[in-house]
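Undergrad: Below: one structure in structure tokens.
The values are calculated or read from the model by the stated rules, or taken from the named source; none is laboratory data. Quick caveat: nothing in here was measured; it's all calculated off a predicted structure. Note that we place each Cβ from the backbone using ideal geometry, even for glycine, and neighbour counts take in every protein chain shown.
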Amino acid sequence: MTNRDLLIRSVGKTGLWANVALGFAFLYLPILILVVYSFNASRFNAVWTGFTLDWYRSLFGAMAGETADISTAGVWEALSNSLIVATVSSAIATVLGTAVALGLERHRFPGDRFLEGLLFLPIVIPEITLGISLLVFLTLTFRIVENLTGIRLTLGLPSVIVGHVTFSISFVAITVRSRVADLDPSLEEAALDLGANQWKAFRRVTLPLLWPGILSASLLAFTLSLDDFVVTFFTSGVGSTTLPLFVYGMIKLSVTPAINAISTLMLSVSLILVLSSLQFGGRIDN
């Protein structure tokens, strides 16, 4: 190999790494700036005047019920709503998604291809389309229930949970199904040959082997629910403001580093959950 070829290869590798660095900078530099400015002493995000933890103190003070800045008042209620929605919706989606994954991977039945196609719809369609369709569906359902029973239903935390379960099931089912496909069916067959029934074979053999994948899918669903804005915006009502909606409302009132502080905390929690999901998901491959 000549010196010219070595030079061309070296330049090519340098250019490749430069493109990679620019790509990562484009994705993560704005996030880094947001984190840095969450410690800004100035009330204006564009001007750095010094380091402070006052915005975090204000947030935790609001959570503790102490007198807080108007921009952070109500953050504890919004966080509580987010945790309730994320916990309930991820639990429901995990149970239903796991059942769908097992059914699609282990059995063949009429309409299984159609069900498999429906499974991908919440992932591929735009979130705003999903949010509007859920709003129309829920409004129509509430009207029918009121006409039949006289009971008037309104949008609130239950409707938000329904919306989050709708898109979370797909992610859970796809994640768990990939784990089911890797399992050796002979393990269950051996349990059945040794006298176990279908339920005992599932509980003693299949479920422990699937558990890392199920937990990974549950954490992923929890993270998606905790961070969701569009579907929540269309399905929420009075008293069901979640943390992403609360942050959006803060932006409309005043843009202060408190928004950056809340966003940094959400980013930290989401990062921990995603890394935990990857960790638990990878255990089944080891």
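Undergrad: Between a residue in the stretch 128-144 that is not assigned by TED's automatic domain parsing to the domain that holds Ile161 and any residue that is of a type in the set (Asp, Glu) and outside any helix (DSSP H, G or I), which pairs come within a Cβ distance under 6 Å, given they are 6 or more apart or on different chains?
TA: Nothing qualifies.
For (1) β-branched (Val, Ile, Thr); (2) at pLDDT below 90, each residue gets a yes or a no:
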{"position": "Leu135", "(1), (2)": "no, no"}
{"position": "Thr149", "(1), (2)": "yes, yes"}
{"position": "His164", "(1), (2)": "no, no"}
{"position": "Phe171", "(1), (2)": "no, no"}
{"position": "Thr175", "(1), (2)": "yes, yes"}
{"position": "Ser216", "(1), (2)": "no, yes"}
{"position": "Thr235", "(1), (2)": "yes, no"}
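Undergrad: Kindly evaluate Gly103 against the criterion of being of a type in the set (Gly, Ala, Ser), surrounded by fewer than 19 Cβ atoms within 10 Å (Cβ to Cβ) and in a helix (DSSP H, G or I).
TA: Considered against the rule, which asks whether it is of a type in the set (Gly, Ala, Ser), surrounded by fewer than 19 Cβ atoms within 10 Å (Cβ to Cβ) and in a helix (DSSP H, G or I), Gly103 comes out as yes.
Undergrad: Look through Leu102, Leu148, Leu118 and report the one residue that is in contact with a Leu (Cβ under 9 Å, 6 or more places away or on another chain), in the same structural domain as Leu209 (by TED's automatic domain parsing), more than 26 Å from Pro244 (Cα to Cα) and not acidic (Asp, Glu). Walk me through how you get there before you give the answer.
TA: Working: Leu148 fails: in contact with a Leu (Cβ under 9 Å, 6 or more places away or on another chain); Leu118 fails: in contact with a Leu (Cβ under 9 Å, 6 or more places away or on another chain).
Going through Leu102, Leu148, Leu118 in turn, just one is in contact with a Leu (Cβ under 9 Å, 6 or more places away or on another chain), in the same structural domain as Leu209 (by TED's automatic domain parsing), more than 26 Å from Pro244 (Cα to Cα) and not acidic (Asp, Glu): Leu102.
Undergrad: Filter the stretch 62-81 down to the residues that are surrounded by 16 or more Cβ atoms within 10 Å (Cβ to Cβ) and modelled with pLDDT of 70 or more and list them by number.
TA: Going residue by residue through the stretch 62-81, those that are surrounded by 16 or more Cβ atoms within 10 Å (Cβ to Cβ) are 62, 68-69, 71-72, 75-79, 81.
Of everything in the stretch 62-81, those that are surrounded by 16 or more Cβ atoms within 10 Å (Cβ to Cβ) and modelled with pLDDT of 70 or more turn out to be Val75, Trp76, Glu77, Ala78, Leu79, Asn81.
Undergrad: Enumerate the helices (runs of 4 or more DSSP H) found wholly within the stretch 191-243, keeping only those where 1 or more residues are in contact (Cβ under 8 Å) with a residue 40 or more places away in the chain. Talk me through it step by step, then tell me what you get.
TA: Numbers: elements: 198-201, 207-227, 230-235.
Ranges flagged: 207-227, 230-235.
Undergrad: Determine whether the stretch 148-168 contains at least one residue that is surrounded by fewer than 19 Cβ atoms within 10 Å (Cβ to Cβ), over 21 Å from the mean Cα position of the chain (by Cα) and in a helix (DSSP H, G or I).
TA: Looking for residues that are surrounded by fewer than 19 Cβ atoms within 10 Å (Cβ to Cβ), over 21 Å from the mean Cα position of the chain (by Cα) and in a helix (DSSP H, G or I), one finds at least one in the stretch 148-168, hence yes.
Undergrad: Only one of Ile92, Ile84 is modelled with pLDDT of 90 or more, in a helix (DSSP H, G or I) and within 16 Å of Pro244 (Cα to Cα). Can you tell me which?
TA: On the way: Ile92 fails: within 16 Å of Pro244 (Cα to Cα).
That would be Ile84, the only listed residue that is modelled with pLDDT of 90 or more, in a helix (DSSP H, G or I) and within 16 Å of Pro244 (Cα to Cα).
Undergrad: Output the residues belonging to the stretch 106-133 that are at pLDDT 90 or above, surrounded by 13 or more Cβ atoms within 10 Å (Cβ to Cβ) and among the hydrophobic types (A, V, I, L, M, F, W, C). I'd like the intermediate steps shown before the answer.
TA: Here is the first cut: in the stretch 106-133, the ones at pLDDT 90 or above are 128-133.
This time we only want the ones that are surrounded by 13 or more Cβ atoms within 10 Å (Cβ to Cβ), so: 130-133.
Once the filter is applied, which keeps residues that are at pLDDT 90 or above, surrounded by 13 or more Cβ atoms within 10 Å (Cβ to Cβ) and among the hydrophobic types (A, V, I, L, M, F, W, C), the stretch 106-133 yields Leu130, Ile132.
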